[in-house]
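The values are calculated or read from the model by the stated rules, or taken from the named source; none is laboratory data. Predicted model, so just to flag it, every value in this text is computed and none were measured. Neighbour counts are summed over all protein chains in view; Cβ atoms, including those assigned to glycine, are modelled from backbone coordinates with ideal geometry. Accessible surface is based on the protein model in full, side chains and every heavy atom, while ligands, DNA and RNA are left aside. Shrake-Rupley method; radii C 1.70, N 1.55, O 1.52, S 1.80 Å.
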Amino acid sequence: EDISQEEKQANELYTYDPEETHLFVLIVNGMEVNINAVKVRISDFDSKHFSLKDLTINSILLDQEHHIITVGNFENSEDALIYYNAIRKDTYIFSNLLTDNYSSFVVSTTSYPVFYKSKDIAVYELFFKREYLKEEPQTEQ
C-alpha cells in the first residue's frame, strides 16, 4: 500500500471537528466473532463504567465479513476518546478478539456515513491516528 495515497484519500474524505458529536466504533470479523456476545459485553462495560452517559449500542454489516458495532453518542471527541481509552483496556471485551480481527476508533457523526460508504478501514484509521491520537503516519503500534 502506498501510504501517501491513503493519506491523500483521508485528507479528501474526512475533516477533524473535535466539537462534533462522536461515536465509538468497533469493527469485527463476523465470521470469527459472535457479534451478540460482544454487544452484551460492551453493554456490561457501559453500565459498569459509563452508566451516566446513557449510551446506545448498534450494529450493522459493513461488508460480507465485517460488522460495525457503534457506541454513542458522545458530546465531543474528548468524551469519545475517554471511552475509547477505557474500553481498549478492558480484557473482558477484547480477550476473545484476535488483533487482526478487529479495528476500533472514534468517528464524528459527519465522518461516519462517509466512512460507511467508502468502507476503507485503513484510510480512516490513518486519519484517526493522525488527528485523534496525534501519531505520525509511519507509527506502528
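Odds and ends about this structure:
- For the pair Ser43 and Lys119, label points projected 7 Å from Cα toward Cβ lie 2.8 nm apart.
- Cβ-defined net charge surrounding Asn29, 11 Å radius [Lys, Arg +1; Asp, Glu -1]: -4
- Euclidean distance of C-alpha centroids, segment 86-102 and segment 19-73, integer Å: 12
- Helix 3-13 axis versus longest C-alpha principal axis of the chain: approximately 70°, rounded to the nearest ten.
- Computed extension gain for Lys134 through Thr91, at 0.36 nm per residue and net of the alpha carbon distance, reaches 13.0 nm.
- Radius of gyration, Dmax [the chain; alpha carbons; angstrom]: 14.5, 43
- Within straight-line reach of Lys89, meaning a Cα separation under 27 Å, sit the following lysines at least 8 residues removed in sequence or on another chain: Lys39, Lys48, Lys53, Lys119, Lys129, Lys134.
- Each helix, a run of at least 4 DSSP H residues, gives -39500 (n - 2.57); summed and divided by the residues of the chain, these come to -13000 deg cm²/dmol at 222 nm.
- In plain terms, the bigger the Kirkwood radius, the slower the diffusion; for segment 1-66, with that radius from Cα pairs, at 4 °C and 1.567 mPa s, Stokes-Einstein puts D at 87 µm²/s.
- Given a 1.4 Å probe and the protein chains as shown, Lys53 ends up with an accessible area of around 80 Å².
- Per residue value of the accessible surface for segment 39-118 (all protein chains in place, 1.4 Å probe), Å²: 56
- 11 Å beta-carbon shell around Lys48, net charge (K/R +1, D/E -1): -2
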